Amino acid sequence: MDYQGNIFRPPSEAHSILLQVTTGCSHNKCTFCRMYKGSRFSIKDDKTIMADIDFAARNCRRQHRLFLCDGDALILPQKRLVKILSAIQTKLPWVTRIGIYANTKSIQRKSPEELRELHDLGLGIAYMGLESGDDVTLKAINKGSDTKRMIEMGKKIRASGIKLSITVLLGIAQKERSHIHAKETGRVLSEIDPEYVGALSLMLPPETPLFEALQRGEFYLLNSMEMLEELGIMLANTELTNGYFHANHASNYLPVKAKLPKDKVATLKLIDDALKGKISLKPEHMRGL
């Protein structure tokens with residue numbers, strides 16, 4: 001397989017075939033992220049992509065899921081995406097689900113009919129980073145979108161039949177807007193009503209603007225109990241009709257896996273017990289990005 005630069009994928013795609021069709025991220029300006037800082041956004045040529053699909057056809061017969069890398073593969077022109085997905089259907093018929101990263105810009109570029117076409121060709125899930133439902137926070141972290149657009153694009157991709165997994169960040173709003181961030185994120189998640197929500201606890205790697213701000217004393221990073229309190233408020237304000245709310249990423253202090261609405265009350269009690277010291281939290285040295 002032809003891989004250029006660092007390859008990233010969601011935790012749930014750990015055992016998937018990783019087919020890189022773009023390099024980098026078309027936005028690449030978020031202040032908390034350094035994933036693609038060393039990569040220039042580009043679209044790979046069809047010859048390379050098709051050669052990788054042929055390689056997967058010969059060597060990846062045990063893997064039943066495939067993920068299109070990198071940070072914004074949905075931004076590919078429709079004809080090229082259709083060609084890639086059609087080749088996957090033909091040459092990798094055992095693949096049951098294809099996943100992709102998506103942002104509001106790439107979703108907006110696709111018509112509802114185009115998104116349904118991609119779904120019919122096997123695109124089963126899209127991963128979108130909301131980070132926060134607070135517009136003040138989104139502007140501060142240079143997300144490049146606001147909550148109105150997040151809601152519109154989230155609903156748009158869900159209407160196509162493509163499942164949606166949304167990532168949110170605990171601690172991204174600092175202490176002064178922590179509760180606002182938590183409540184507003186719950187509100188936005190409820191309006192979009194995705195199939196999956198993944199809450200990560202903010203960790204600041206070097207070479208990011210927020211890490212540099214932290215070093216200068218200009219950014220406050222919430223401690224474990226403040227993160228946990230924020231998680232509880234966020235979950236309390238999130239209403240999903242039939243979705244999963246997970247906070248079981250390596251960065252989280254308390255692993256949480258809840259099916260909403262069924263597990264909401266029990267999960268809020270779990271968080272409350274942890275806040276009261278009845279449940280031990282993950283030690284700092286065991287957390288990871």
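For segment 158-209, how many residues are under 19 Å from the mean Cα position of the chain (by Cα) and in a helix (DSSP H, G or I)? Quick ask: steps written out before the conclusion?
Filtering segment 158-209 for residues under 19 Å from the mean Cα position of the chain (by Cα) gives 158-173, 181-182, 184-205, 208.
Cutting the leftovers down to in a helix (DSSP H, G or I) gives us 158-159, 181-182, 184-192.
Final tally of qualifying residues: 13.
Within segment 90-108, work out how many residues are farther than 23 Å from MET35 by Cα and out of contact with any strand residue (DSSP E or B) (no Cβ under 9 Å at 6 or more places or on another chain).
5
Kindly evaluate SER251 against the criterion of being modelled with pLDDT under 95, surrounded by 14 or more Cβ atoms within 10 Å (Cβ to Cβ) and within 22 Å of ILE125 (Cβ to Cβ). It would help to see each step written out before you state the result.
On the way: modelled with pLDDT under 95: yes; surrounded by 14 or more Cβ atoms within 10 Å (Cβ to Cβ): yes; within 22 Å of ILE125 (Cβ to Cβ): yes.
So SER251 fits the description; yes.
Looking at ILE100, ILE151, can you tell me which residue is β-branched (Val, Ile, Thr), under 16 Å from the mean Cα position of the chain (by Cα) and closer than 26 Å to ASP54 by Cβ?
Of the residues listed, the single one that is β-branched (Val, Ile, Thr), under 16 Å from the mean Cα position of the chain (by Cα) and closer than 26 Å to ASP54 by Cβ is ILE100.
Out of all the residues in segment 107-140, which are part of a helix (DSSP H, G or I), crowded, with 22+ Cβ neighbours inside 10 Å and touching a residue at least 40 places away in the same chain (Cβ under 8 Å)?
ILE107, LEU115, LEU118, THR137
Within the group TYR253, TYR220, TYR244, which residue is over 22 Å from ASN142 (Cβ atoms), of a type in the set (Phe, Trp, Tyr) and not in a strand (DSSP E or B)?
TYR253
Taking the criterion of being at pLDDT 90 or above, within 24 Å of GLY161 (Cβ to Cβ), surrounded by 16 or more Cβ atoms within 10 Å (Cβ to Cβ) and charged (D, E, K, R), would at least one residue in segment 61-70 satisfy it?
So far as segment 61-70 goes, yes, one or more of its residues are at pLDDT 90 or above, within 24 Å of GLY161 (Cβ to Cβ), surrounded by 16 or more Cβ atoms within 10 Å (Cβ to Cβ) and charged (D, E, K, R).
With respect to MET227, is the statement that it is touching a residue at least 40 places away in the same chain (Cβ under 8 Å) and assigned to a helix (DSSP H, G or I) true? Reasoning before the result, please.
Values: touching a residue at least 40 places away in the same chain (Cβ under 8 Å): yes; assigned to a helix (DSSP H, G or I): yes.
Yes, satisfied.
Does at least one position in segment 12-29 carry a residue that is in contact with a helix residue (DSSP H, G or I) (Cβ under 9 Å, 6 or more places away or on another chain) and free of Cβ contacts under 8 Å to residues at least 40 places away in the same chain?
Checked against the condition, which is being in contact with a helix residue (DSSP H, G or I) (Cβ under 9 Å, 6 or more places away or on another chain) and free of Cβ contacts under 8 Å to residues at least 40 places away in the same chain, segment 12-29 yields no hits at all.
Sort out which residues of segment 262-281 are outside any helix (DSSP H, G or I) and surrounded by 14 or more Cβ atoms within 10 Å (Cβ to Cβ), and write them in order of number.
Across segment 262-281, the qualifying residues are ASP263, LEU281.
State whether one or more residues within segment 200-208 are over 27 Å from TYR36 (Cβ atoms) and either modelled with pLDDT of 95 or more or out of contact with any helix residue (DSSP H, G or I) (no Cβ under 6 Å at 6 or more places or on another chain) (or both).
no
When segment 96-114 is examined, which residues are found to be in contact with a helix residue (DSSP H, G or I) (Cβ under 6 Å, 6 or more places away or on another chain) and under 21 Å from ARG9 (Cα atoms)?
Those that are in contact with a helix residue (DSSP H, G or I) (Cβ under 6 Å, 6 or more places away or on another chain) and under 21 Å from ARG9 (Cα atoms): GLY99, ILE100, ALA102, THR104, SER106, ILE107.
Any chance segment 166-176 includes a residue that's acidic (Asp, Glu) and touching a Gly at 6+ places or on another chain (Cβ under 9 Å)?
Our first condition is that a residue be acidic (Asp, Glu); within segment 166-176, this holds for 176.
If we keep only those that are touching a Gly at 6+ places or on another chain (Cβ under 9 Å) as well, we get none.
Taking every residue of segment 166-176 in turn, none turns out to be acidic (Asp, Glu) and touching a Gly at 6+ places or on another chain (Cβ under 9 Å).
For segment 56-106, which residues satisfy the criterion of being under 30 Å from ASP146 (Cβ atoms), part of a strand (DSSP E or B) and charged (D, E, K, R)?
Across segment 56-106, there are no qualifying residues.
The values are calculated or read from the model by the stated rules, or taken from the named source; none is laboratory data. Because the structure is predicted, anything quoted here is derived from the model rather than measured. Methodologically, a virtual Cβ is constructed for each residue, glycine included, from the backbone with ideal geometry; neighbour enumeration extends over all protein chains shown.
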